[in-house]
Amino acid sequence: MIMTEYPRLGERVCRATLENGLDVLVVPRPGATKKLAYLVTDMGSIHRRFRLEGKEHTVPAGSAHYLEHKLFDLPDRDVTAQLAQLGASVNAFTSYDMTAYYFSCTEHFRECLDLLLEFVFTPYFTEETVEKERGIIGQEIDMNMDAPESVVFEQLMEMMYRGHEIRTPILGTAQTIGQICPESLILCHRAFYGPDNMVLCVVGDVDPAEVADLALSRTGREKRPVAEKLCPAPEEMTCPAAYKTRQMEVAMPTFQLGFKCEPIGKGPEAVRQELAADLAAEALFGESSALYLELYQQGLIDQSFGGGFESVDGCALLTCGGDSMDPAQVRDRILARAEELCREGLPEEELLRMKRSAMGRRIRDLDSFDSTCFRLCAYHLTGFDYFDFPAIYESLKAEDLLAFLGRVVRRERCSLSVIEPLGNKEEKHG
Amino acid sequence: MIRTISLLPGATLRAFPAERFKQGCLSIQFLRPMDRQEAALNALIPAVLLRGTVRRPDLRAITQHLDDLYGASVGALVRRVGDYQTLGLYCGFIEDRYAFAGDRVLMPMIDFLEELLLSPVTEDGVFFQDFVDSEKRNLIAAIQAERNDKRAYAAGQMMRRMCAADSFGVPRLGEAEQAEKICPRSAWDHYQKVLRESPVEIFYVGGADPEVLAERLRQMLGKICRQPVDLPAQTPFRDGGGGDHTELMEVSQAKLVLGFTTPITNRDRDFPAMQVLNALYGAGMTSKLFMDIREKRSLCYSIGSGYYGSKGIMTVSAGIDARNEGLVRQRIEALLDECRAGQISDEELTAAREAILSGLRAVHDSPGSIEGYESVAAIGRIALSVEEYYQAVERVTREQVMAAARTVRLHTSYILKGAAS
């Protein structure tokens, strides 16, 4: 394995790419009792269309998430129970563009890792087990429909995008999950769960070479074909809908505001754009910005307010949101402030302060095993070494931030999604 | 491992020396009885303190100062610990060695903490009206926002009904009606009383020398005129509520919450057995509730139990289709009966014990979890150390779990469901 030192962060990472293409990352944490392992594939809910061995396929919305639920099944035993016997807790999540399976344990790390690798690489689905899961996921969908933070975000995605799959909820809908069957799950697994398409990341007091050896013995030497993702045509930088409101059982109005951005692609340049966009958001409406103070003092936002830049395979957006009695005014003030910032410029000392703060927060986050593992994996899939972030921050200039704000924070690129308390009887479904 | 240093009468520093983290944390908590009359006041005060100091009179000046301290954070801390409510501040900051050469973070952080606590912006000798008004609005919004999270809302509604005569019936942030009544004068007077009388607990995790820190903190607390008053001991559940309750709301999914009582609290010898019972009955993905009601019968996505050791309350909550309420309730009872009858497999017992033990082993792996666990244990006056608790859980037998299950009684039920269902 190759070890890289990051003296500024006090970190080391050991890396290897196995013969079968699986990337293995180990962050040694001597003296820590907890061990955390993530096994990640770069298939998420948006990857519904793909070409595998010359043939094009489209799977129902919600397939990636359904697969995540069902992958825990093995033909002969209950792997969750087995991990529990070892004191490990195991879980998984599906996002728009990745699916992660992970466990944390304090003892029996080898056995736990072996089980994780076994169940993720062993697809086993029967009509009966797939059918049984429908009720469970149906309840998960119902739960989300009652959660204002999910509804307001999903409504925003529908408003901002014409063709990108981010329009569709990660879980799918009651109707689309009705179409999922063992065959479609097998197909997704074959398409995206080859070792060559995945990354294994471990944080803890473990032997890196042992992790790589174990991974190889469980996943075999053979490479497997990986599906080619079929992406919709690039979207215009305007939003189909500017404003939509919907009523729900909430105490006060809550909103999400989105600005459509150009997709950033992959690699270090993409990450540079991402961190620049994040700092630009900080300068515009972050807690230390002039605008935040004004809006807070005027009671237009409260501590629930927050936002940042998000990048998903094939699309990117700047969002912010929270509870507010007047979301439209918050939007207008943000638009006006962006113009003002671009005109007046950003003082050098302010940029320096923001960089120091952003770096300090990222360094503190490294104490969290989960955040470290998640970020290493997510950035690895975009072709970037996350621990290189200090150098990127140093290279950022005020012009980078302002160019981003000038291009993106514009009325034609913006959608405002609002959830209002139930008030009148005419409920408009967005 | 924890160094306990008495700073002044009624003021204690607990320091957990740790070199291996990139960040340190320090919390200061004033202890109050959990009381309907003052809960909202206690919740409001830290938020007001965070709005401005004489030297840094607005949010922006404060945030910029924190930015200069490498993105340090200071947040309001309002906890329920049994019959107590704590109010205070929580600071997180990078260790000095990660700052640029020569920069210091910890001591400037303590200076700033002192500024926040002892030099708030005042007007006519009391808190600044604007700050109190806007934080009152925010507090009321936060209290009402419980309604947005239907699971939390249902759990809170059940607790109010179950604990009508117990301090557990008072929500952590108090009630909106009480918050409405607060004015700058009442908040100021109350804060002065808190500073004067309340026991103070300071918790620190990090690489600095505890003695040096203690000296600095003594100096800070020495500026307050203190007449500390002891708090009454923690009490077991006081019965005064109960019944079956239904609330209608426009929701897709119904939330069922059941409240159970047990005489076993975290001050009792049987506490570890009760914890194991809770784990095997309803906590996690291998528990009886999860395996039967979700995995076997597909009746829900989320289901689980929780045990509040300071009171001896166990709750079960589930998000279900309202039409299945009868069946789900019947299974919840039947699975508890299995525990009472000792129908507990070796695997279930091991998994439950291991889940608790793993959690305990990992307590000391991050500054936040050390602070969270150890300061709450100290304030709640839990007799067992992590190590003793660990050994006790390892020794819990099936018979002890059965005995614990037999003490558990259903007390209150609550369901939130759609008006149409």
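Can you give the Kirkwood hydrodynamic radius of region B:292-339 from its Cα pairs, in Å with one decimal? Could the numbers behind the result be given before it?
On the way: mean 1/r = 0.0866 Å⁻¹.
By the Kirkwood definition, the hydrodynamic radius is 11.5 Å.
Out of residues 5 or more away from A:MET43 or on other chains, whose amide H comes under 5 Å of its own, with H placed 1.01 Å from N in the peptide plane?
Answer set, sorted by chain and number: A:THR99.
Tell me, how many Å apart are the Cα centres for region B:307-385 and for region A:276-325?
That distance is 38 Å.
For region A:93-106, just list the computed ³J(HN,Hα) in residue order, Karplus coefficients 6.51, -1.76 and 1.60, θ = phi - 60°, integers in Hz, with x standing in for Gly and Pro.
These are the phi-based 3J(HN,Hα) values: 8, 10, 10, 4, 10, 7, 10, 10, 10, 8, 9, 10, 8, 10 Hz.
Could you pull out every residue, at least 5 positions away or on a different chain, whose amide H is within less than 5 Å of the one on B:LEU7? Hs are placed 1.01 Å off N in the peptide plane, and Pro or chain starts have none.
Counting only residues 5 or more places away or on other chains, the set is B:THR12, B:LEU13.
What distance in nm separates the simple spin-label points at A:ALA391 and B:GLU19, each placed 7 Å from Cα in the Cβ direction?
3.0 nm
Counting only protein heavy atoms, probe 1.4 Å: which residues of region B:278-321 lose 30 Å² or more of accessible surface in the full assembly compared with their chain by itself?
Going by heavy-atom accessible area, the residues of region B:278-321 that drop by at least 30 Å² are B:MET285, B:THR286, B:ARG294, B:GLU295, B:SER298, B:TYR301.
D for region B:3-221, whole µm²/s, Stokes-Einstein with Kirkwood Rh over alpha-carbon pairs at 37 °C and 0.692 mPa s: what number? Write out the running numbers ahead of the final one.
Details: Rh = 18.4 Å.
Translational D for this selection: 178 µm²/s.
In whole Hz, what ³J(HN,Hα) sequence does region B:293-298 give by Karplus (6.51, -1.76, 1.60; θ = phi - 60°), x for Gly and Pro?
7, 8, 5, 7, 10, 6
Tabulate in residue order the Karplus-calculated ³J(HN,Hα) for region A:280-296, using 6.51 cos²θ - 1.76 cosθ + 1.60 with θ = phi - 60°, rounded to whole Hz; enter x for Gly and Pro.
Karplus-based 3J(HN,Hα) across region A:280-296 equals 4, 4, 4, 5, 7, 9, x, 4, 9, 7, 5, 5, 4, 4, 4, 5, 5 Hz.
For chain A, set up a Gaussian network in which alpha carbons nearer than 10 Å are linked by springs, and say which option among A:LEU295, A:LEU200, A:LEU405 fluctuates the most.
A:LEU295
Calculate the all-directions average of the projected area of region A:243-421's alpha-carbon convex hull, and give it in nm². Each step should come with its number before you reach the end.
Numbers: hull surface 42.7 nm².
Its Cα hull, projected and averaged over all orientations, spans 10.7 nm².
Hey, what number do you get for chain B at 222 nm if only DSSP H runs of n ≥ 4 count, each worth -39500 (n - 2.57), divided across all residues, to the nearest 500? It would help to have the intermediate numbers written out before the result.
Numbers: 14 runs with 169 residues, N = 421.
The helix-only estimate for chain B comes to -12500 deg cm²/dmol at 222 nm.
At q = 0.06, 0.09, 0.14 Å⁻¹, what is the base-10 log of I(q)/I(0) for chain A according to the Debye formula with one equal point scatterer per Cα and no solvent? Please give it to two decimals.
The calculated log intensity ratios at q = 0.06, 0.09, 0.14 Å⁻¹ are -0.27, -0.63, -1.41.
Between A:GLU53 and A:THR17, how high is the FRET efficiency from 1/(1 + (r/R0)^6) when r is the Cβ-Cβ distance and R₀ = 35 Å? Nearest 0.05. Kindly include the intermediate steps, with their values, before the conclusion.
Working: r = 23 Å, r/R0 = 0.67.
Step by step, r from the Cβ atoms, then E = 0.90.
Gain in length, B:ASP209 to B:ASP149, computed as 0.36 nm per residue apart minus the alpha-carbon separation, to one decimal in nm?
Details: separation 60, 0.36 × 60 = 21.60 nm, distance 4.27 nm.
Extending this stretch completely gives an extra 17.3 nm.
Averaged across orientations, what area in nm² does the convex hull of the alpha carbons in chain B project? Please report the intermediate quantities before stating the final value.
Numbers: hull surface 84.8 nm².
For the Cα atoms of chain B, the hull's average projected area reads 21.2 nm².
So what is the relative contact order for chain A, in percent, with contacts set as C-alpha pairs under 8 Å and at least six apart?
Values: 796 pairs, mean separation 94.5, N = 430.
Once normalised by length, the contact order is 22 percent.
For B:ARG381 and B:ALA165, FRET efficiency with R0 = 22 Å and r from the beta-carbon atoms, rounded to 0.05? The partial results should precede the final answer.
On the way: r = 22 Å, r/R0 = 1.02.
Step by step, r from the Cβ atoms, then E = 0.45.
Among B:PHE290, B:PHE260, B:PHE21, which one shows the highest mean-square fluctuation when chain B is modelled as a Gaussian network with alpha-carbon springs under 10 Å?
B:PHE21
Please give the residues from region B:48-91 for which the solvent-accessible area of heavy atoms, probe 1.4 Å, is smaller by at least 10 Å² with all protein chains in place than with the chain isolated.
B:ARG51, B:ASP58, B:LEU59, B:ARG60, B:THR63, B:GLN64, B:ASP67, B:ASP68, B:TYR70, B:GLY71, B:SER73
Cα atoms only, the protein assembly as shown: Rg and Dmax in Å?
Rg, Dmax (Cα atoms, Å): 26.9, 81.
Build a GNM of chain B with springs between Cα atoms under 10 Å: which of B:LYS255, B:LYS136, B:LYS181 gets the top mean-square fluctuation?
Most flexible of the set in this elastic network: B:LYS181.
Can you pull the accessible area of A:TYR102 for me, 1.4 Å probe, Å² to the nearest 10?
50 Å²
Here are some pairs, B:LYS150/B:LYS311; A:LYS35/A:LYS260; A:LYS229/B:LYS22; which of them have Cα atoms lying more than 31 Å apart in this structure?
Details: B:LYS150/B:LYS311 24 Å; A:LYS35/A:LYS260 39 Å; A:LYS229/B:LYS22 40 Å.
Correct reply: A:LYS35/A:LYS260; A:LYS229/B:LYS22.
With the calculation restricted to Cα positions, what are the radius of gyration and Dmax of region B:124-238 in angstrom?
18.5, 48
To one decimal place, what Kirkwood hydrodynamic radius in Å is obtained for region B:260-417 from all pairs of distinct Cα atoms? All intermediate terms of the calculation are to be shown ahead of the outcome.
Details: mean 1/r = 0.0616 Å⁻¹.
Taking the inverse mean of 1/r over all distinct Cα pairs, region B:260-417 comes out at 16.2 Å.
Relative to the longest principal Cα axis of chain A, at what angle does helix A:369-381 sit, 0 to 90 degrees, rounded to 10?
So the helix axis and the longest Cα principal axis differ by about 90 degrees.
Amide H of B:SER302: which non-local residues (sequence gap of 5 or more, or other chain) have their own amide H closer than 5 Å, using H built in the peptide plane?
HN-HN under 5 Å from B:SER302: B:GLY319.
The values are calculated or read from the model by the stated rules, or taken from the named source; none is laboratory data. In this text the structure is predicted, and so the values were computed from the model without any measurement. Neighbour counts run over all protein chains shown; Cβ positions are idealised from the backbone, glycine included. Only protein heavy atoms, including side chains, enter the accessible area calculation; ligands, DNA and RNA are left aside. Shrake-Rupley method; radii C 1.70, N 1.55, O 1.52, S 1.80 Å.
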